[in-house]
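Accompanying notes for the structure given below.
The values are calculated or read from the model by the stated rules, or taken from the named source; none is laboratory data. From a predicted model like this one, the values you see are computed outputs, not experimental measurements. All Cβ positions, glycine included, derive from the backbone under ideal geometry; neighbour counts span all protein chains shown. Remember, those area values only see protein heavy atoms, side chains included, never the ligands or the DNA or RNA. Shrake-Rupley method; radii C 1.70, N 1.55, O 1.52, S 1.80 Å.
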Amino acid sequence: MDDINLHYRFLNWRRRIREIREVRAVRYRERLKRMLRDGDVLRYHGNSDEVGCFVAARPLSRRNRYFEVTIIDTGVRGMIAVGLVPQLYKLDHQPGWLPHSVAFHADDGKLYNGNTVGQQFGPKGCRGDRIGCGISLESDDGQLTVFFTKNGKEVGSVEIPASPEALYPAVGMHSLGEEVLLDLNAEWGMEEDDGQMIVDSHEEDWGRLHDVKVTGTLLEYVGKGKSIVDVGLAQAHRPLNTRFHYYELEITDAGEKCYIALGLARRDYPKNRHPGWSRGSIAYHADDGKLFQGSGVGDAFGPRCFEGDIMGCGIMFPRDFNPGLGDDVEDWDFDVFPKPCEVQNDLYANNEDEEEDEGEDLEGRKVTVFFTRNGKVVGRREVALPVGGFYPTIGMMSTGEKVRVDLHPLSG
């Protein structure tokens, strides 16, 4: 009976994830017309009689609420627009021209708010200027506050009716030679008296960081990336529990090898070991699509993951789950941990930071760990929950790797 209940609970989980992600599934693809994209550079590729437009793959959200473009070249007329549009916006119109869109136009400094007639708003944009657009976290019910910046200073804001449809970063161009540098991961904060910008670093979300740099929700590998011991590790401050049971990351830059791993690990997991390689951990690896569970040898599990893919990991706790010391896993005894795993592959041997414990191997009850890719469940495994709980843990190991992490995408 327990197996049947677990099976149906898993089906409900999968349906819930599918429903939540169904609309988002197509958002992983950016849209552009009469433009060329080369890395983070956007160039106009039309005949100046027709508008070119770019719409980003993902909308702005509370965790990623701001983006910027830097004008590299104004071209013939400098008709560059920066703003927000619905996902299926018509790409032969400048952002701000059609309903439910808003944009700041560099050529005349006007704000276009769902109309082809603009209103005077701010200064014109020139070569080298940095123009930003974001949404305020303090918007009133029924209204959404959109603000625009120029060279790090706020130009102004406008309130638009809040819509259930998300708003996507958009850039419009309309003359030969126009070119901008796009930064969809830009951060924005209010300025202090000393003029220094405050940015929510989100460092408090992470209990341990080794060879990983945090910028907002973006994690960047800063290690050597030369050998098997050059793993960069980021482990969340809190373990997954019955309230916060799932997290995910988006691969914003695959780096040289896309040696990116997403999974769960015990609190004292070795800092230079990919999650999944040692005991008390399990992880889905992007570069080969394999699942590693307490071993340096992975099992075929799912598809490989690339730049733009979103990987997720969660726990299906038993219905009667109780950590024993209250409802919150944070209260568990962190002084007792399971011993590390014996290395099962010579490739991963000679780890000086990992020592064998002589104490009793203490583990909790069984839970089901599942992994997703772009909103679809890849697979699941039943594992023993370490004493102290399973902590979201991310590993990276090659130069240039960057991921954007959302630790609570399904919570609250």
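Before moving on, here are some points about what is shown:
- Breaking point among (1) modelled with pLDDT under 50; (2) not in a loop (DSSP other than H, G, I, E, B), for C341: (2)
- Checking T215 against (1) among the hydroxyl-bearing types (S, T, Y); (2) open to solvent by less than 40 Å² (accessible area, probe 1.4 Å); (3) at pLDDT below 95; (4) within 23 Å of the chain's Cα centre (by Cα), the condition it does not meet: (2)
- Scanning the stretch 384-404 for residues that are part of a strand (DSSP E or B) and open to solvent by 10 Å² or more (accessible area, probe 1.4 Å) yields A384, K402, R404.
- Condition check for L233: among the hydrophobic types (A, V, I, L, M, F, W, C), more than 30 Å from R319 (Cβ to Cβ), open to solvent by 60 Å² or more (accessible area, probe 1.4 Å) and part of a strand (DSSP E or B): no
- Qualifying residue in the stretch 267-280 (condition: out of contact with any His (no Cβ under 7 Å at 6 or more places or on another chain), of a type in the set (G, A, S) and over 19 Å from L219 (Cβ atoms)): yes
- Flag: F321 does not match the condition of being open to solvent by 10 Å² or more (accessible area, probe 1.4 Å), of a type outside the set (S, T, N, Q), closer than 20 Å to R208 by Cα and modelled with pLDDT under 90.
- Selected residue (only one of D268, D346 is under 19 Å from G389 (Cβ atoms), acidic (D, E) and at pLDDT below 95): D268
- None of R29, R62, R58 is touching a Pro at 6+ places or on another chain (Cβ under 9 Å), of a type outside the set (S, T, N, Q) and modelled with pLDDT under 95 except R58.
- Residue ranges of strands (runs of 3 or more DSSP E) in the stretch 99-165 with at least 1 members open to solvent by 70 Å² or more (accessible area, probe 1.4 Å) and in contact with a Lys or Arg (Cβ under 9 Å, 6 or more places away or on another chain): 130-135
- Test: residue in the stretch 70-93 that is touching a residue at least 60 places away in the same chain (Cβ under 8 Å), of a type in the set (S, T, N, Q) and outside any loop (DSSP other than H, G, I, E, B): yes
- Yes/no for R15 being at pLDDT 65 or above, open to solvent by 50 Å² or more (accessible area, probe 1.4 Å), more than 28 Å from E187 (Cβ to Cβ) and not in a strand (DSSP E or B): yes
- For the stretch 384-403, the condition holds for no residue, the condition being that it is at pLDDT below 95, in contact with a strand residue (DSSP E or B) (Cβ under 9 Å, 6 or more places away or on another chain), among the polar types (S, T, N, Q) and within 18 Å of Y247 (Cα to Cα).
- Positions within the stretch 282-304 being among the aliphatic types (A, V, I, L, M) and either open to solvent by less than 20 Å² (accessible area, probe 1.4 Å) or touching a residue at least 60 places away in the same chain (Cβ under 8 Å) (or both), in sequence order: I282, A283, A286, L291
- The set of residues from the stretch 251-281 being under 18 Å from R380 (Cα atoms) and surrounded by fewer than 24 Cβ atoms within 10 Å (Cβ to Cβ) comprises just one member, R279.
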